[in-house]
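One structure is given below, encoded as structure tokens.
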């Protein structure tokens, strides 16, 4: 009998708290409650239970049900981005302190968010956190709770030669966020990578927990910044990343390697670089579509910021060169930018360099670079139309640039095989430009015009 009571007691103290939030836990709790009532009433024959005992039993069962219902897995409200926190804690004040540091920091950051969608933070009990012990369980929980993000992990204390080391291991799972599928997978990876293996030393006066809290606040901002970034809320994402950068730089101790903050600082800088580059590319595409001069100022701002964070790929440099030319007509700076990325096997670089030569009235070198570019496969079908629009825009703005008709003629004659357009461009080049200039080019243009006429006759 005692053995049975011990088993029941152990079950009640250990297993019920573990499974309490599940339907299995409800059924077991109701059966156990009924069993206790019957035991107290000294009867296992339901027909012998009087009215009072029946009411007490029923009330007890209803009370257990409502208690279970009140502690059910909380769900995010529809229309909000739910963030679940399910971090298992070991017994002890220090473990709870570190957990509370994290939650307070997270809530503070979310509360300050002024973004188009709203976050809802849901904390789960220690029992629930401990039950989420594998991916399938966590995934099912996130779906049921309508969570966008689920933070899981545990806090624990381990002895070391320097004293007790308080460790918080965090992991993350992403279910549904207001971003596209490809960005969602990227966010999920970033979300998990940045949370793993954060370790903090807890000193005797608990200053270590405060130190951990400051680190967690920075990590939290970074997580929210990533979420905002992949949700296309670029302004808020930038604000958070810049704040992370400032806070980390202020927190770093000279000549001390911070294994948490230094890698995170590099991540922040990388995200800023890629975000600025992406925003510039979006505006660049809009500029190509609309030819809206106002957009160039914004493009230049984002490109300059991207370069300040180490962006140096061809697209960034070419876009910067365009801004330098269009906004400031700084041809020397354009040449510097292009020559630093010198690549005679890149047709886009060759086309850009050819234009600069042509703009400076060096049509001999312009011809050489255009021809080299035409011999290479041009990866994007929009490149040549962009070149033509760019050249025509310069001609329209200043008739002194009429020699650039030579470039348009070359593109149509040598690359596109559009002899009708080529003839029109070449005739404009001959007619409008200064008669005393560009004699070698005018002589060759006359020969090309003859070829065009002969090709028409042959046809």
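At a glance:
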{"read-out": "Fully extended contour minus Cα-Cα distance, from residue 453 to residue 127, at 0.36 nm per residue", "value": "108.6 nm"}
{"read-out": "Taking 350, 296 and counting other C-beta atoms within 10 Å, the order from fewest to most", "value": "296, 350"}
{"read-out": "Peptides ranked, highest mean first, by Cβ atoms within 10 Å: ranges 235-248, 132-145, 400-413", "value": "400-413, 235-248, 132-145"}
{"read-out": "Ranking of 349, 448 by count of other Cβ atoms within 10 Å, fewest first", "value": "448, 349"}
{"read-out": "Residues 104, 226, sorted so that the one with the fewest Cβ neighbours within 10 Å comes first", "value": "104, 226"}
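Every number here is computed from the coordinates shown, using simple stated rules; none is lab data. Since the structure is predicted, the reported quantities are computational estimates derived from the model, not experimental observations. All Cβ positions, glycine included, derive from the backbone under ideal geometry; neighbour counts span all protein chains shown.
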